[in-house]
Amino acid sequence: STGRHRDHMGNEIDEQPAVARRVLDVFTPGIADGRLWGGAGLPPLDEIDRVTILGCGTSLHAGRAVAGVFSRLGGLPTRTLVASEAAHEVWEPRTLVIALSQSGETADVLRALDGLPERDRTLLALTNNPSSTLARRADAVLDCLAGPEIGVAATKTFIAQVLTGACLALSGLSASARADGLAIDGDLRALAATPDALAAALDAWRGRAAELATEFVTSPGFLFLGRGSGLVYAAEGALKLKELSYRWTEHQPAGELKHGPLALVDAGTPVFVVDNGDPRLEVDVAEIHARGGRVLRVGERVLTVGGLPLHLPRTGPSWGPLETVVPLQMFARELALRLRRDVDKPRNLAKSVTVA
Ligand code: M6R
């Protein structure tokens, strides 16, 4: 791809606000009247008892974010499956299965679907490749419109999958009695604000990601914490950093800290905290500070009142604080560049994993 960076990944990170704009331009007009859902050929949500979402790696994380829209907003029983562990699943009738795969060729995803019965369920492929094997096997296909992604690390396709999935879910919920109308309005406003939020995160972190990468270039390990809707972004940040830098990373629900992971935190330990506005994160942050850990917050919304910072709790959209993934991607890339890794082609990994 063309852009300011010599590597594809840097350019693909930069493209994210434009990708988000494209996805929303195409899909948001079909939300309010349920046209996107119906047009994809899906049965009305009131005829579905549960949603099962599956994928691997970054696509799994995107699926977890989309699951939040069905479950938090629609109260619909929704589970996410690690596709590589789903070979022996028992599939119940009236299930909507959403398989997420950028390539549509991931063998673990295809194999997970081998056991899916032919009848009384619907399989939707959410993919960046509408002519893929996965798309051909599905009852309905939604192209996430990210455009070609060359870097092995998924970046813009993650944004595209989350937004496409969120639009689809909101469209299904708009036409059903399940969702709370007010919450849909809030999510629609959040969708519209997303391209600018992604662009603002890029601008805010360009220098900072580079500085932090220099500061932590010798750190052997990194912890990523979140709560609720922030957790998938902590997981995605941890995946990106290990994949690119070959450093050990771990993600945890922040509430689990005191049940074990806090023992990892020592003077100077870098701890990324994904802030989704959950006020309990302040206590988690204080715990880390008390052990000398270095808290790196992403997604904070800080206002100052009389010169003092005031952390505002906010209720984010049902898919969580999507823009927080941008600084985590940027940091992973900057650290990898300092460690002289090939950011477009990390060792041991392939863009499309076609063996199970
Ligand atoms: O093509 P897929 O989305 O099915 O690929 C799934 C994973 O292999 C992929 O997301 C992988 O985790 C990425 N390299 C992460 O950056």
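The values are calculated or read from the model by the stated rules, or taken from the named source; none is laboratory data. Since this is a predicted model, take the numbers as computed values, not measurements. Cβ sites come from the backbone with ideal geometry, for glycine too, and all protein chains shown count toward neighbours. Protein only, heavy atoms only, side chains kept; ligands, DNA and RNA dropped before computing areas. Shrake-Rupley method; radii C 1.70, N 1.55, O 1.52, S 1.80 Å.
Only residues that are surrounded by 17 or more Cβ atoms within 10 Å (Cβ to Cβ) and not in a helix (DSSP H, G or I) were counted across the range 254-294, and they come to 13.
Taking the range 277-291 as the range and being among the hydrophobic types (A, V, I, L, M, F, W, C) and more than 23 Å from the chain's Cα centre (by Cα) as the test, the residues that pass are Val283, Ala286, Ile288, Ala290.
Checked against the criterion of being within 16 Å of the ligand (Cβ to nearest atom), over 21 Å from Gly38 (Cα atoms) and surrounded by fewer than 21 Cβ atoms within 10 Å (Cβ to Cβ), the range 155-168 contains not a single residue that satisfies it. For the range 2-11, indicate whether the set of residues that are in a loop (DSSP other than H, G, I, E, B), within 16 Å of the ligand (Cβ to nearest atom) and in contact with a Cys (Cβ under 9 Å, 6 or more places away or on another chain) is non-empty. No, the range 2-11 contains no residue that is in a loop (DSSP other than H, G, I, E, B), within 16 Å of the ligand (Cβ to nearest atom) and in contact with a Cys (Cβ under 9 Å, 6 or more places away or on another chain).
The condition of being touching a residue at least 60 places away in the same chain (Cβ under 8 Å), open to solvent by 40 Å² or more (accessible area, probe 1.4 Å) and of a type outside the set (Val, Ile, Thr) holds for only one of Gly228, Gly237, that being Gly228. Does the range 324-338 contain at least one residue that is closer than 26 Å to Thr78 by Cα, within 14 Å of the ligand (Cβ to nearest atom) and surrounded by 16 or more Cβ atoms within 10 Å (Cβ to Cβ)? The answer is yes, given that some residue of the range 324-338 is closer than 26 Å to Thr78 by Cα, within 14 Å of the ligand (Cβ to nearest atom) and surrounded by 16 or more Cβ atoms within 10 Å (Cβ to Cβ). Within the range 339-356, the residues that satisfy the criterion of being within 12 Å of the ligand (Cβ to nearest atom) and touching a residue at least 12 places away in the same chain (Cβ under 8 Å) are Val343, Asp344, Lys345, Pro346, Leu349, Ala350, Lys351, Ser352, Val353, Thr354, Val355, Ala356.
Restricting Leu126, Leu134 to residues that are buried (at least 21 other Cβ atoms within 10 Å of the Cβ), assigned to a strand (DSSP E or B) and either aliphatic (A, V, I, L, M) or touching a residue at least 40 places away in the same chain (Cβ under 8 Å) (or both) narrows the list to Leu126.
Against the condition of a type in the set (A, V, I, L, M), at pLDDT below 95, in a helix (DSSP H, G or I) and open to solvent by 30 Å² or more (accessible area, probe 1.4 Å), how does Ala183 come out, does it pass? It would help to see each step written out before you state the result.
Details: of a type in the set (A, V, I, L, M): yes; at pLDDT below 95: yes; in a helix (DSSP H, G or I): yes; open to solvent by 30 Å² or more (accessible area, probe 1.4 Å): yes.
Spelling it out, Ala183 is indeed of a type in the set (A, V, I, L, M), at pLDDT below 95, in a helix (DSSP H, G or I) and open to solvent by 30 Å² or more (accessible area, probe 1.4 Å).
Out of Ser132, Ser171, one residue alone is under 23 Å from the mean Cα position of the chain (by Cα), modelled with pLDDT of 95 or more and within 16 Å of the ligand (Cβ to nearest atom). It is Ser132.
When Gly75 is tested against (1) in contact (Cβ under 8 Å) with a residue 60 or more places away in the chain; (2) at negative phi; (3) touching a Lys or Arg at 6+ places or on another chain (Cβ under 7 Å), exactly one condition is not met: (2).
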